[in-house]
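Take a look at the structure set out below.
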């Protein structure tokens, strides 16, 4: 049986992204796709590969053996959404967060941070992937940012 093919709009809804972001990911090679006629189509297996790849940044599969530590097998994610009137203010928050992330704690392990600003809704999304320690520390940073305003 042939794997299902998805359109850019379907993938955007699945991943809660803007279709332009999905197209950019296709151009950048982050999401494998093929053009059928004038439309991009994403194979179900390629979508699964992309979604799983979001949790490991070095393309190595984590040690899933029963003898490995549970803490080494756990990845968590969070989306922090901030209603922000301007891209500049959202970028200021992102730059502050990047400064925190530049002081990376080794206990965080593999981690990732993405920032997206949606001008049509005036919302900023800060997307975090990594260990529970990474998320705990970054969420504490957001708490400190909120207390400072």
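The numbers here are math on the coordinates, done by the rules we state, and not lab data. Computed from a predicted structure; not experimentally measured. We place every Cβ from the backbone using ideal geometry, glycine too, and count neighbours over all the protein chains shown.
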- Task: Let me know the whole percent of all Cα-Cα pairs from segment 5-53 that are separated by more than 15 Å.
- Result: 33
- Order of 83, 18 from fewest to most other C-beta atoms within 10 Å? 83, 18
- Modelled FRET efficiency - R0 25 Å, residue 104 with residue 34, Cβ distances, 0.05 increments: 0.10
- Take every Cα pair under 8 Å in segment 73-147 that's 6+ residues apart, average their separations, divide by the length, and report that relative contact order as a whole percent. 43
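With N residues in segment 73-147, what two-decimal value do you get for its Cα radius of gyration over 2.2 N^0.38 Å? Intermediate results must be reported in sequence, preceding the final value.
Values: Rg = 12.4 Å, N = 75, 2.2 N^0.38 = 11.3 Å.
So the Cα radius of gyration is 1.09 times the expected 2.2 N^0.38 Å.
What percent does the relative contact order of segment 5-53 come to when contacts are Cα pairs within less than 8 Å and at least six residues apart?
Working: 50 pairs, mean separation 18.4, N = 49.
The value is 37 percent.
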- Item | Gained length - residue 18 relative to residue 81, 0.36 nm times residue gap less alpha-carbon distance | 21.2 nm
- Query: Using the 10 angstrom Cβ neighbour count as an exposure proxy, how do 14, 126 rank, fewest first?
  - Reply: 14, 126
- Task: Fewest Cβ neighbours within 10 Å first, please rank 93, 127, 11 accordingly.
- Result: 127, 93, 11
